[in-house]
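Report on the structure given below.
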Amino acid sequence: MKDAKAGAGIRQLKTRVKKKGKIKSSSRRWLERHLNDPYVHRANAEGMRSRAAYKLIEINDKYKILQPGMKVVDLGAAPGGWCQVAVNIVKSKPEAPSVVGIDYLPVDPIPGATILQANFLDDDAPDRLIEALGGAPDVVLSDMAAPTTGHRRTDHLRTMHLCETAADFAVSVLKPGGHFLAKTFQGGAEGEVLTMLKQHFASVHHVKPPASRAESVELYILARNFKGRKAAPGGEEAAGEGPEA
Ligand SMILES: C[S@@+](CC[C@H](N)C(=O)[O-])C[C@H]1O[C@@H](n2cnc3c(N)ncnc32)[C@H](O)[C@@H]1O
């Protein structure tokens, strides 16, 4: 995979969408932005399923959360860009995948990744993910976003719920020393999830990679170096130094 410098391969000529026909101005603006987006061009040229792939590449270039040999869970995997990046960096083998993704949308097969087509909020999803992975993950990624309703506050709350559920999952399954990266929104009601993560990880902060559009309220929470779960008196693993895991 090539080095991910932001905007590498920027096209100099701007493509404009003509005003002919019945295309709405908001749709025209979206199309123009898409056609002129250097990350979209780069994704097409490099065989990446999504421009979102470059967000993970940029975050990983800086924080090195993915390393060869790691086991990775990718929540909200479709169309598969983050899985492609993870497979490549952890060197997951097609005959023994160490990357497992989940999405309720279909994902075309990715050699080196196991994909579950299911809702992560289903009760059995956590067990199915760990079974497919064959053990505890080193990294839990979540780029899950709720389908937009057009009502900004509702969209924020629904995506924050996904982020909180992903955080609870990470804390209940990660190996000690593991990392958690999840999409959130500026202005999201994230106080509680941040507090919980700070109790369980050595370092927690927000990241906004260059590939995340400046005008977007999207942000990522990066929690590194999971402190682990304390052994319960009965010998079983239990939640660590904070609220329920
Ligand atoms: C921004 S996209 C992920 C893009 C992906 N990281 C990539 O690089 O291709 C967000 C995804 O989250 C998925 N999603 C949202 N809620 C989900 C849920 N409850 N269970 C599974 N997937 C979910 C959506 O279907 C969507 O495909």
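The values are calculated or read from the model by the stated rules, or taken from the named source; none is laboratory data. Being a predicted model, the structure only gives us computed values, none of them experimental. Cβ atoms come from the backbone with ideal geometry, glycine included; neighbour counts cover every protein chain shown.
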- Query: Among PRO111, PRO106, which is the only one that is farther than 27 Å from LYS208 by Cβ, touching a strand residue (DSSP E or B) at 6+ places or on another chain (Cβ under 9 Å) and within 14 Å of the ligand (Cβ to nearest atom)?
  - Reply: PRO106
- Task: Go through region 1-83 and tell me which helices (runs of 4 or more DSSP H), entirely inside it, have 3 or more residues that are surrounded by fewer than 14 Cβ atoms within 10 Å (Cβ to Cβ) and modelled with pLDDT under 75.
- Result: 25-35
- Message: Which numbered condition in (1) within 20 Å of ARG49 (Cα to Cα); (2) within 12 Å of the ligand (Cβ to nearest atom); (3) under 16 Å from the mean Cα position of the chain (by Cα) is the only one that VAL100 fails?
- Response: (2)
- Note on the structure: When region 121-153 is checked residue by residue, the ones that are more than 14 Å from the ligand (Cβ to nearest atom) and either over 25 Å from ILE89 (Cβ atoms) or at pLDDT below 95 (or both) are ASP127, GLY150, HIS151, ARG152, ARG153
- Item | Residue that is surrounded by the most Cβ atoms within 10 Å (Cβ to Cβ), among those in region 90-149 that are of a type in the set (Val, Ile, Thr), in contact (Cβ under 8 Å) with a residue 24 or more places away in the chain and under 13 Å from VAL72 (Cα atoms) | VAL99
- Message: Among (1) more than 12 Å from the ligand (Cβ to nearest atom); (2) in contact with a Leu (Cβ under 9 Å, 6 or more places away or on another chain); (3) farther than 21 Å from ALA167 by Cα, there is one condition PRO79 misses while meeting the rest; what is its number?
- Response: (1)
